[in-house]
1. Could the peptides 95-108, 174-187 be put in order, highest first, of the mean number of other beta-carbon atoms found within 10 Å of their residues?
2. Please find the FRET efficiency linking GLU120 to SER52, where r is the Cβ-Cβ separation and R0 is fixed at 45 Å, and quote it to the nearest 0.05.
3. Put a dot 7 Å past each Cα toward the Cβ at ALA79 and LEU148; how far apart are the dots in nm?
4. Which shape class applies to the stretch 163-260: rounded if a/c is under 1.5, otherwise prolate when a/b exceeds b/c and oblate if not, where a ≥ b ≥ c are the square roots of the Cα gyration tensor eigenvalues?
5. Name all residues of the stretch 237-273 having a backbone nitrogen under 20 Å from the label point set 7 Å from the Cα of ARG156 along its Cα→Cβ direction, giving them as ranges.
6. State, as an integer percentage, the relative contact order of the chain based on alpha-carbon contacts under 8 Å between residues 6 or more apart.
7. In deg cm²/dmol, rounded to 500, what helix-only [θ] at 222 nm does the chain give when every DSSP H run of at least 4 residues adds -39500 (n - 2.57) and the total is split over its residues?
8. Placing +1 at every Lys and Arg Cβ and -1 at every Asp and Glu Cβ, with all other atoms neutral, what dipole size does the chain have around its Cα centre, in debye to the nearest 20?
Amino acid sequence: MDRFHEMLMFEALSERPSLAAAARRLNVSGPTVVRAIARLEARLGVALLQRSTRGVSLTEPGAAFMADCSRILKGIEDAEASAKGLHVQAQGNLTVLLPLLFSRYVMTPLLANYMEVYPEVKVFAHYHDRFPNMNEEGLDVAVLVGRLPNSSLIARPVGYVRSIVCGSPEYLEANGVPVDPEDLKSHRLIGIQTFREKIHWDFSTQGIQSTLKARSRISCTTAQAALDAAAHGAGLTRCLSYPAYDYLQNGRLCRVLQPFELPALAVHVVYRERRRASMRVRSFVDYMVEGLREHPALLPDAL
């Protein structure tokens with residue numbers, strides 16, 4: 001059995017670390033998979049699987065080798081698709097990483113519309129607020145908010161988000177409009193955190209960043225709850241601009257302390273550099289770039 005088939009046998013464990021499930025997926029016998037993994041471990045000189053009475057799991061070298069196998073096999077699949085002309089039509093599996101909160105307020109309609117336009121693409125969406133290692137995790141595309149680490153990835157900018165302070169017109173009329181971050185200490189503040197009495201809000205004054213520490217009157221576990229409380233006059237809250245966009249547009253909330261806001265955070269659609277990206281990757285990237293650049297909540301002067 002050549003290395004390619006050994007990698008196929010091992011990669012079959014990626015969906016579920018079960019030798020029996022891998023055998024069914026490949027339509028081969030269980031002993032065939034067992035022998036292939038044993039030969040692979042002997043040739044590499046490392047244990048790829050950890051076996052116990054509860055089944056099998058990947059060792060640390062096994063997890064790293066799995067990521068490499070998935071990437072290599074996917075490259076072979078893309079090369080064959082290109083030779084067959086399948087790059088002309090978007091189809092196949094697409095693995096993407098999306099920011100959790102950003103997806104709720106901005107990405108979900110775009111993702112649903114994309115799937116309507118490209119019905120032959122099956123999307124596996126992972127929701128995390130972090131910067132991934134796209135090669136190791138086998139990701140095709142990621143939407144990332146914030147400063148990007150140096151990498152060989154292709155990043156297409158699509159807009160900006162900001163951290164803003166806002167409150168209802170009724171609250172501001174009754175309690176006054178703060179003109180300096182220190183003024184917030186005399187206001188009712190709505191924090192977005194769990195089991196914390198104090199807020200830590202960062203501001204920028206003439207390029208110098210400082211942190212305001214004050215007691216919160218209300219602590220909410222979600223941005224949506226904090227925005228609802230602020231819209232009903234409970235106090236001032238600080239959040240990212242995109243979940244507050246509709247509240248600001250319909251006048252339920254007003255933005256304050258704008259001169260002291262931190263620099264805007266850029267939003268990028270990121271994908272792995274390839275000589276010939278598959279049509280499913282190009283279609284997703286192009287669709288999201290166009291949609292996000294047109295989204296009013298991401299424009300520099302949106303608020």
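1. Details: 95-108: 19.6, 174-187: 14.4.
The densest-packed peptide leads the list: 95-108, 174-187.
2. 0.65
3. Computed distance between label sites LEU148 and ALA79 equals 2.7 nm.
4. rounded
5. 266-273
6. Working: 471 pairs, mean separation 63.9, N = 303.
21 percent.
7. -11500 deg cm²/dmol
8. On the way: 35 positive and 31 negative charges, 163 e Å.
With only Lys, Arg, Asp and Glu charged at Cβ, the dipole is about 780 debye.
The values are calculated or read from the model by the stated rules, or taken from the named source; none is laboratory data. Everything numeric here is computed off the predicted structure, so don't read it as measured data. We place every Cβ from the backbone using ideal geometry, glycine too, and count neighbours over all the protein chains shown. When the accessible area is computed, the model is the full protein with side chains, heavy atoms only, and any ligands, DNA or RNA have been set aside. Shrake-Rupley method; radii C 1.70, N 1.55, O 1.52, S 1.80 Å.
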